[in-house]
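Trainee: Please see the structure below; I have some questions.
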Amino acid sequence: MARRAPHRILLNLLLDSALACLALPLAVLLATPGEWPEVHWWLGAAPGAALALLMAGLPVRLPQQYWRFAGLPDLMGIGVAAVLAALLFWGGLHALGGWRPTSPAFPAVHALVLGLILGLPRIAGRLHHARRGPGSDVAPQPVLLVGAGDAADLFIRALSAERTPGYRVQGILSMRSRQAGRRIHGHPILGTLDDATALLDRMRAEHRLPSLIVLATPHVQGLALERLLDAADRHGVPVRRAPSVTALDPQARRMTTALEQKEAPRLQLRPVVIEDLLDRPQVPLDREGMARLIQGRRVLVTGAGGTIGGELARQVAALGPAQLTLLDHGEYALYEIDLELRERHPDVPRRAVLADVRDEPRLRRLLEQLKPELVFHAAALKHVPMVENDPLEGLLTNALGTRVVADAARAVGCRAMVFISTDKAVNPTSVMGASKRLAEMYCQALDVSARAGEGGMRCVTVRFGNVLGSTGSVVPLFRRQLERGGPLTVTHPDMRRYFMTVREAVGLVLQASVIGAEDREDQPPELAEGGIFVLDMGKPVKIVELARRMIRLAGLRPEEDVEIRFTGLRPGEKLYEELFHGQEPPRPTQFQGLLVATPRTADPALVGRAIDEIAAAARSGTPRAALAQLGRLVPEFDHNVDGEGSRAAQ
């Protein structure tokens, strides 16, 4: 328990009592100018006024006020205490029957004078504290603040509470034009975010260019943020994010204790991350449908230690399943997600299972024991060059593993299985992509069979591109290369990829699960024929532009401070990823963010036998036979064996 500061509270009591004694003669003089009591009256009245203030100040905790940080709530408390003290004093004069001012307005005048005398020193202390000069020889950096809402207010107040501020606000850019021309804490709102380019040009001409642009609001993202960064890049001004409102508020509260100890915490700005640039407007999701699908049901997530599987586990756990089973073959990855969910959702029954999805006897026994009602199958080998090095492992995990999980889930009466696919399954040039396409075909065939028979397990296939920050993706690679000072390696100047945040992708996967697993009137008709859900990934991003932007976000200059080196296409890679095959054109759905690929299906028994043949060839160590069979099943598979020398799929 924190100790109080009795000496400071006592000092406040003494000062307030002295001010109460000073306010009394001023009130008498203003209320009744021609009347003045005898000296002996003052000897009792002055202590009485101080006692009345003490009694009136206790309910509003007047003695505990910190004068230096007095704000509106403190001033309102002073007003309440002044009115109560004046009434108590006036009542005491009537009760004692001594001399009292004849003017009936005396209590109001007394309350007004007392409130002013108590409030003025506090306001003066606050202004002196806010306007004091820096305590060091280092001048604060001039900054341009973006955002004129509550976050900007908190940032400025937290900055003013520092004993030696590191930043000085030159002006503010608002998000709305109607705020232009106004002021926040004395700082002018110079215009809107759209005026950033012209404003920076003018500030440079006036030799007062800011050292930093600080984003006080979290709402500057995507295209708006990209335009701001472009304007800042022209003048070499870095852009940083302020702490969030939830981080600033506790920090402001900690300032009081820190200043008493003669050291204040500094505002910690953080860099803008690439996820902010590629972020898109939030798609409205059917949260009630998700809760209806998950709540009270037994759920299994395979590949739970991976990026997609881990986020699936988090979002599923938040929806209240009856039992959540996390399955992965990586011990440490499984331990991490299990520990995280234990801390975040301790009430959710949970089990972590170490298992390989290719181990059919183990999977069958496990699912017979668990009897899951929903399976999210995210386990896969997804790194193209790694699977090219060991193609048989990719075939066993991605194709056979998917069949093993699907068959075991169907055998125990599972309601639905959701299969996570990839854009690399479209016109594949890699073994990884072709193996995922084969898994898609099996899941599509099972789903068509279940729907035709009006029963059995639904198989919902969801296809999307890269997720930002996922294991083995380009963004973490670029960050590591930047930490080492470069170079940043890009395979080809024209390489493009689709990107989406992992949270958005998983939210849309759950949305697709709700639609695909239930018999709904608004269900796309293509699903009955084995259609695949495809996430709307927006426009593809040029990888070299992504590298340049990440260098700029680090406050460096591409090609000058950090080199970008082109290394050539690797085996299995292609320049442009696609979300749809030419024979499965996209069909829009009424659900924002979701499209449906026109079905291309086959008989599940035929695809199952082919997967068994490929698995047998893989186990016997004959890659030629396995890949030949894969090519017959996926005729669009155009294997880019040599990387740079092979044709890049357009």
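The values are calculated or read from the model by the stated rules, or taken from the named source; none is laboratory data. All figures in this text were calculated on a predicted structure; none of them were measured in a lab. Cβ atoms come from the backbone with ideal geometry, glycine included; neighbour counts cover every protein chain shown.
Trainee: Looking at segment 22-42, which of its residues are assigned to a helix (DSSP H, G or I) and either among the charged types (D, E, K, R) or surrounded by 18 or more Cβ atoms within 10 Å (Cβ to Cβ) (or both)?
Mentor: So the first thing to find is which residues in segment 22-42 are assigned to a helix (DSSP H, G or I), and the list is 22-31, 39-42.
Within segment 22-42, ALA23, LEU24, ALA27, VAL28, ALA31 qualify.
Trainee: Would you check if ALA45 is part of a helix (DSSP H, G or I), surrounded by 15 or more Cβ atoms within 10 Å (Cβ to Cβ) and in contact with a Gly (Cβ under 9 Å, 6 or more places away or on another chain)?
Mentor: yes
Trainee: With respect to ALA406, is the statement that it is under 30 Å from THR622 (Cα atoms), small (Gly, Ala, Ser), assigned by TED's automatic domain parsing to the domain that holds GLY621 and modelled with pLDDT of 95 or more true?
Mentor: yes
Trainee: While we're looking at this one, here's another question. Being over 17 Å from GLY149 (Cα atoms), surrounded by 18 or more Cβ atoms within 10 Å (Cβ to Cβ) and more than 27 Å from the chain's Cα centre (by Cα), is that true of even one residue in segment 207-227?
Mentor: The answer is yes; a qualifying residue exists.
Trainee: Considering only residues that are of a type in the set (S, T, N, Q) and part of a strand (DSSP E or B), look in segment 449-468 and name the one that is modelled with the lowest pLDDT. Even if it seems obvious, please write down each step before you answer.
Mentor: Here is the first cut: in segment 449-468, the residues of a type in the set (S, T, N, Q) are 449, 461, 466.
Narrowing the set further to residues that are part of a strand (DSSP E or B) leaves 461, 466.
Working: THR461: 91, ASN466: 80.
Step by step, filter segment 449-468, then rank; the result is ASN466.
Trainee: Then there's this: Inspect segment 242-264 for any residue being in contact with a helix residue (DSSP H, G or I) (Cβ under 8 Å, 6 or more places away or on another chain) and modelled with pLDDT of 80 or more and give the result as yes or no.
Mentor: Yes.
Trainee: Of the residues that sit in segment 474-488 and are in contact with a strand residue (DSSP E or B) (Cβ under 6 Å, 6 or more places away or on another chain) and crowded, with 17+ Cβ neighbours inside 10 Å, which one is nearest to VAL562 (Cα to Cα)?
Mentor: To start, the set of residues in segment 474-488 that are in contact with a strand residue (DSSP E or B) (Cβ under 6 Å, 6 or more places away or on another chain) comprises 478, 481, 486-488.
From the residues that got through so far, the ones that are crowded, with 17+ Cβ neighbours inside 10 Å too are 478, 481, 486, 488.
On the way: PHE478: 11, GLN481: 10, GLY486: 6, LEU488: 7 Å.
Applying the filter and picking the extreme gives GLY486.
Trainee: If you don't mind, there's one more thing I want to ask. Going through ALA313, ALA379 one at a time, which residue ends up being surrounded by 24 or more Cβ atoms within 10 Å (Cβ to Cβ), under 26 Å from the mean Cα position of the chain (by Cα), without any contact (Cβ under 8 Å) to a residue 40 or more places away in the chain and under 19 Å from VAL418 (Cα atoms)?
Mentor: ALA313
Trainee: Same structure, new question: Hey, does segment 385-396 have a residue that's in contact with a Cys (Cβ under 9 Å, 6 or more places away or on another chain) and either small (Gly, Ala, Ser) or surrounded by fewer than 17 Cβ atoms within 10 Å (Cβ to Cβ) (or both)?
Mentor: Among the residues of segment 385-396, not one is in contact with a Cys (Cβ under 9 Å, 6 or more places away or on another chain) and either small (Gly, Ala, Ser) or surrounded by fewer than 17 Cβ atoms within 10 Å (Cβ to Cβ) (or both), which makes the answer no.
Trainee: List, please: which pairs have Cβ atoms under 9 Å, are six or more places apart or on different chains, and start with a residue in segment 406-428 that is farther than 14 Å from GLU360 by Cα and end with one that is assigned to a strand (DSSP E or B) and among the hydroxyl-bearing types (Ser, Thr, Tyr)?
Mentor: Hits for this filter: VAL418/THR461; PHE419/THR461; ILE420/THR461; SER421/THR461.
Trainee: Let me ask something else about it. Just to be sure I understand, how many residues within segment 612-630 are touching an Asp or Glu at 6+ places or on another chain (Cβ under 9 Å) and either small (Gly, Ala, Ser) or within 17 Å of ASN389 (Cα to Cα) (or both)?
Mentor: Within segment 612-630, residues that are touching an Asp or Glu at 6+ places or on another chain (Cβ under 9 Å) and either small (Gly, Ala, Ser) or within 17 Å of ASN389 (Cα to Cα) (or both) number 3.
Trainee: Quick one: count up the residues across segment 153-189 that are more than 17 Å from GLY71 (Cβ to Cβ) and assigned to a helix (DSSP H, G or I).
Mentor: Residues that pass the stated criteria total 3.
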